């Protein structure tokens, strides 16, 4: 397996410098668990911000998590390109998540010069079945 | 044009009672501008929560806005069904929004017994061109 | 309203020369009804190839129609770019079409240097309600 | 691994009886290679109908293949439900396929009472990389 262009620590350092108020900081919602060439695993911590009455996690926070995980997978695979932007995102909500941490597992399917396409499987922590599945496209600046 | 099943005031009253911490409260991010049978217009207020460095609005907040506007259009069209849930959402980001309020204009394309499909056009306040376009499906409980 | 870069006759002449076996020929399934800057209207003729038992039109043929109509709208708007390719297509099937001609009405939402995004409303001939709705993205070669 | 509700032979027998002109007949474009509970693998044979100038396979035929493969996976998993219908289909075209047979590998992600969601990976025969990736939803009649 190929080594990523940026490690978890390097991506976190970039985020801390460039997006100090962002979701990846020490008090943020998201934590990068692992990266590889073409992939990333990100945890969303259970908190009042994302939990919903009825003991579940908001769909809105899962969309944000899917998009962020794809961004991390791109950075790990091509290096620091802060201007990569989402051009489209398609998400299917499959099951009601439980009120716990959620893990997003992104695999890039195409890493092109102009467009990158990936899929993100979202699961409740400790569960096998997906709660949501996302396919997103990023445009990579020239 | 048919009258909606619920007016803006009635929907706001339901939200205030059921989701008191939600985005539609007096200090919330979203404000319902108008509803009709099969449609809704919702404003997202410019604020630190949604604005991003470089003078734009986060894609994440626009996904949440699109989903919420679709929910309002459904409530206006079939009455109070709090358990309607998003089953899929597809969004295309078309242009960089300016750092201002954003308006989401939802039209339902199908209002079925089991599934409702709608599209949402998102524009910067005062602009004609869309910054994003979304198609979403909600499942309506039996 | 701006004039298109290519008229219906000019697009048909290009198709006849480049894709003589294609769907837009005199015996083909599709007929361009109208083009404008950023739009196209294409008819799919009822025939054994697209009709299905039960008196309806195949979903498969409507996907092909949506994609072809988007291509015509792009040619009308930027001129002859045969190498424009579909990068993604999202279609929602809303109602069962009747066993008749089907009309696809495409409006481009973004006409960028690299990506073009459009939506296509598909209706049975003579009907107001959509039977399907499609959003597609084409990549435009440099 | 669970056994499918219908084997390849049983599905082919249903298709031969119900859709004698369809794509799965002996002279048809498609051939079921394998089914399992929640999955199906279908081959699309290289032929003039699907090959395109420049030595590739039409996007249109790959959309039809993805939809048909998902249908086979549903039949294998819940038995003969001819009235299951596609409600949405989202496809990303990732690479230019070569002029050869194409294989579509469907895995169902959710097998619900009302909705079934699956993904389909499409590859040129003998290749590892996907040429297209599709996510589709079928509605299952009550």
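Each reported figure results from applying straightforward, stated rules to the coordinates on display, with no laboratory input. All figures in this text were calculated on a predicted structure; none of them were measured in a lab. Methodologically, a virtual Cβ is constructed for each residue, glycine included, from the backbone with ideal geometry; neighbour enumeration extends over all protein chains shown.
Each copy carries residue B:45; placing its label point 7 Å along the C-beta direction from Cα gives inter-copy distances of 2.8, 5.9, 6.6 nm, listed from smallest up.
Highest GNM mean-square fluctuation among B:75, B:89, B:108, for chain B modelled with Cα contacts below 10 Å: B:89. Counting Cβ atoms of other protein chains within 10 Å of each residue's Cβ and taking the mean over peptide D:80-89 gives 5.
Taking a ≥ b ≥ c as the square roots of the eigenvalues of the Cα gyration tensor, the protein assembly as shown is classed as rounded, since a/c falls below 1.5.
The peptide list A:22-32, A:55-65, C:30-40, put in order of mean Cβ contacts within 10 Å with the highest first, becomes A:55-65, C:30-40, A:22-32. By Cβ position, the chain C residue that hugs the axis carrying C onto B most closely, with its distance in whole Å, is C:90, 2.
The other copies place their residue B:82 label points at 4.3, 4.5, 6.1 nm from this one, listed shortest first, where each point is 7 Å from Cα along Cα→Cβ.
Taking a ≥ b ≥ c as the square roots of the Cα gyration tensor eigenvalues, with a/c under 1.5 meaning rounded and otherwise prolate when a/b beats b/c, else oblate, which class fits the stretch D:8-139? Here the stretch D:8-139 falls in the oblate category. Here residue B:7 yields copy-to-copy label distances, from shortest upward, of 5.5, 6.3, 6.7 nm, the label point defined as 7 Å from Cα along Cα to C-beta. Counting Cβ atoms of other protein chains within 10 Å of each residue's Cβ and taking the mean over peptide C:51-59 gives 2. The mean number of Cβ atoms from other chains found within 10 Å of a Cβ in peptide A:130-136 is 4, as a whole number. With everything on Cα atoms, drop me the angle between helix D:59-78 and the longest principal axis of chain D, reported from 0 to 90° to the nearest 10. In chain D, helix D:59-78 runs at an angle near 20 degrees to the longest axis. Between the stretch B:96-142 and the stretch C:14-37, how many Å separate their Cα centres? If you average the Cα positions of each part, the centres end up 33 Å apart. The helix-only estimate of mean residue ellipticity at 222 nm for the protein assembly as shown, built from DSSP H runs of length n ≥ 4 each weighted as -39500 (n - 2.57), is -7000 deg cm²/dmol after division by the residue total.
Taking every C-alpha pair closer than 8 Å and separated by at least 6 residues, the mean separation divided by the residue count of the stretch A:8-139 gives a relative contact order of 24 percent.
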